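Everything on this sheet refers to the single structure shown next.
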């Protein structure tokens, strides 16, 4: 058992992101006891896992149960309905870590009390393979030890960054939270373009997937900037240059992606509270 393991951790919601976190915690033995509240079938994959207890509702929590941290992974639409059952823990000083999009620190202060120690985090779906990145923001009630604990829990499925100003979470949501969808769209479009150029559809899809995945890994591991890596692939007057002349035109990829990110950030602000 990990010497720094939390004695008891409460996970509320075990969908895709909650399940990804739970797998990461189990792999790293980050909790001695993991209690999961999930009314649907999403948590059945963890039935019988050592230290994991599955409950259908908060009403089934033992009366003497006190978690070291509560991780809220329910959908934002049902968060307000779910929170009252956990207010007693927050009032007792238990850290609350939310990964629900759009729900602000102010929202949790109103629902759980002004004294609640709350961290709001925005992870992304590559957490499912341990390659996610999360950005977190803490309220003034969070202690240094609680911040360290949250970083360990989020770090079980990827990288962790922090911002001091909560409004930046909207931009984070637009870049890394929604970003995987942009990359998957790129794969789709690249595969379709390859097929339009004469490649068999299955080969075009394989090439697009491998190229995006390999290029992303190269960018992750290389000390060079993305611009430098791009330039290294681009020969003057060559095929890549011909394509980049289209993608880097005044109405090309950069302004299009900027508009997309700004639209996502705007929508994130609209969904707050």
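Would you give the gap between the C-alpha center of the range 71-140 and the C-alpha center of the range 223-273, rounded to a whole Å? Cα centroid to Cα centroid, the span is 32 Å.
Treating the angle as unsigned and between 0 and 90°, give the value, to the nearest 10°, between the Cα long axis of helix 201-221 and the longest Cα principal axis of the chain. Its long axis makes an angle of about 70 degrees.
Each of the peptides 86-93, 121-128 was scored by the mean count of other Cβ atoms within 10 Å over its residues; in descending order, highest first, they stand as 121-128, 86-93.
For the chain, what is the relative contact order in percent, using Cα pairs closer than 8 Å and at least 6 residues apart in sequence?
The value is 14 percent.
With N counted as the residues of the chain, its alpha-carbon radius of gyration over 2.2 N^0.38 Å works out to 1.16. Relative to the dominant Cα principal axis of the chain, helix 16-27 is inclined by about 70°.
If you sort the three axes of the alpha carbon gyration tensor as a ≥ b ≥ c, you get a/c of 1.5 or more for the range 1-97 and a/b no higher than b/c, which makes it oblate. Here is how the number arises for the chain: DSSP H runs of 4 or more residues each give -39500 (n - 2.57), the sum is divided by the residue count, and the result at 222 nm is -14000 deg cm²/dmol.
Taken over the range 141-180, the percentage of Cα pairs per 10 Å bin, counting from 0 up to the bin with the maximum distance, is 25, 48, 26, 1. Judged by the ratio a/c of the largest to the smallest principal axis of the C-alpha gyration tensor, the range 9-164 counts as rounded, that ratio being less than 1.5. Relative to the longest principal axis of the Cα atoms of the chain, helix 144-155 runs at roughly 50 degrees. Apply the Debye scattering formula to the range 131-233, with a single equal point scatterer on each alpha-carbon and no solvent, then give log10 I(q)/I(0) at q = 0.12, 0.20, 0.25 Å⁻¹. Summing over Cα pairs of the range 131-233 leads to -0.59, -1.10, -1.28. Protection proxy ranking of 10-21, 171-182, by the mean of other Cβ atoms within 10 Å over each peptide's residues and highest first, is 10-21, 171-182.
From most to least packed by mean Cβ count within 10 Å, the peptides 230-237, 35-42, 208-215 give 35-42, 208-215, 230-237.
With the biggest extent put first, the Cα atoms of the range 179-271 measure 43, 31, 30 Å across the principal axes. Fully extending the segment from residue 161 to residue 186 would add 6.4 nm, taking 0.36 nm per residue of separation and subtracting the current Cα-Cα distance.
Where a number appears in this text, it was derived from the coordinates with a stated rule and is not lab data. The shown structure was predicted, so the numbers you read here are calculated from the model rather than taken from an experiment. Because the Cβ atoms are built from the backbone with ideal geometry, glycine has one as well, and the counts that use them run over all protein chains shown.
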